[in-house]
1. Within region 43-55, does at least one residue satisfy the condition of being crowded, with 17+ Cβ neighbours inside 10 Å, modelled with pLDDT under 80 and either assigned by TED's automatic domain parsing to the domain that holds TYR12 or of a type in the set (Lys, Arg) (or both)?
2. Could you please tell me which pairs satisfy a Cβ distance under 7 Å, a separation of 6+ or placement on different chains, a first residue in region 29-47 that is within 21 Å of ASN5 (Cβ to Cβ), and a second residue that is of a type in the set (Lys, Arg) and modelled with pLDDT of 90 or more?
3. So, in region 62-104, how many residues would count as being over 20 Å from ASN28 (Cβ atoms) and touching a Lys or Arg at 6+ places or on another chain (Cβ under 7 Å)?
4. If a residue has to be modelled with pLDDT of 95 or more and assigned to a strand (DSSP E or B) to count, how many in region 206-241 make the cut?
5. In the list LEU200, LEU215, which residue meets the criterion of being under 22 Å from ILE174 (Cα atoms) and surrounded by 14 or more Cβ atoms within 10 Å (Cβ to Cβ)?
6. Going by the structure shown, is GLU19 at pLDDT 85 or above and surrounded by fewer than 18 Cβ atoms within 10 Å (Cβ to Cβ)?
Amino acid sequence: MTSSNKPLAAIYVRVSTQEQAQQGFSLNAQQEALENYSKALGYELFKIYRDEGKSAKDIKHRPEMVNLLEDAEKKKFSAIFIYKLDRFSRSLKDLILTIDKLKELGVDFISLQDKIETTSASGKLMFHIISAFAEFERNIIGDRTKFGMERKAKEGGFITKAPKGYKLVNKKLIIDEKGSKEVKESFEEFLNSNISLTQLAKNCNMTTAGIKKLLKNTTYLGKVKFAGIESQGEHNPLIPKDLFDKVQERLSKFKK
């Protein structure tokens, strides 16, 4: 806020070299219209951000747009005025996510030609609609990611890092000769002796929780797990199922 107690406004103007040459769509014309409009709405000008000869394709290649968004995060002004939505971004996804971010920051957004603003009830409704699209976009991205990981798990692909006894080669689990031998010995020693989990962990240079996790790891049966769903993996098992099951029986007795 200024000494006159008026809220501060940022003005963003952009025109590509091709547009200016073909349509005479000048920055000065945009700027003048926005200055008059912001003044009429009771704002005092904070700064004019001008990207001249820049395409709307990519925000990160427009230095003044980057500066504008950085200043918005620092709460240097209360509102952003633009001439038209395509001055801001031609990517609907970028536009929606950016406006949603401004909403979180409490920065109003006004587009003169599109009659979109967030200072009136109807403008705020439009802002909420845009925010809903932003949330929808994020959910779609999340669902695609989850779907891809679930599909990878079901097809036997391994998602996290390789456990002891395996190594990851070209995103596939390959048996590691030395490590696999140590894993087998740990299973057999735990089953065929009276050794405690604590002592076995010390022998293997692991924590008690670590050795317990190793003994319960179904990856050694050739399985993969994602989101609680277990599937058959593409890798070779290390431990025979009967040995694995007997070890689980002994572990359950430790619980009791």
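1. yes
2. Taking only residues 6 or more apart or on different chains, the pairs are PHE46/LYS76.
3. 2
4. 0
5. LEU215
6. Numbers: at pLDDT 85 or above: no; surrounded by fewer than 18 Cβ atoms within 10 Å (Cβ to Cβ): yes.
Judged against the criteria, GLU19 is not a match.
The values are calculated or read from the model by the stated rules, or taken from the named source; none is laboratory data. Nothing here was measured: the structure is a model prediction, and the numbers come from that model. Glycine also receives a Cβ, built like all others from the backbone with ideal geometry; neighbour counts cover every protein chain displayed.
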